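Have a look at the structure below, then the notes.
What follows draws every value from the coordinates through simple rules; no lab data is involved. Bear in mind the structure is a predicted one, so any value in this text is a computation, not a measurement. Glycine also receives a Cβ, built like all others from the backbone with ideal geometry; neighbour counts cover every protein chain displayed.
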Amino acid sequence: MVTSKKIGKRAGRAWCRECHAPIQWARNREGNPVPLDESPDPSGRWVIEKGRRTRPLRGVEWERAQEDGRLMFTNHMATCPARQSIRSPGEGVCPPHLRESLGLRPRGSDG
């Protein structure tokens, strides 16, 4: 996981200590740090507003931001290759033991 303890900073830039990719830090509405990929991503869901505040965009708001040409970013937690290798393939957000207790089908099952 990328946390404030897991980054290195040099000359105003930050790097993920897990995968060494350049990242930038912003803060969500609650004031918590959010690691974003350094480069804008047209399919990203996060926009940086005044004062390095960030928030995810959804639905019509996301579509409008795309049409307006706003710079959008992806949360680095979703793209960090080191983080991806921690999860088993297809595990996703809900771990298998919770999926089972909730009565959900296992990920990747067709039936």
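Side notes on the structure shown:
- Extension gain from Arg45 to Glu30, taking 0.36 nm per residue of separation minus the Cα-Cα distance: 3.6 nm
- Distance in nm between pseudo-label sites at Glu67 and Arg53 (7 Å out along the Cβ direction from Cα): 2.5 nm
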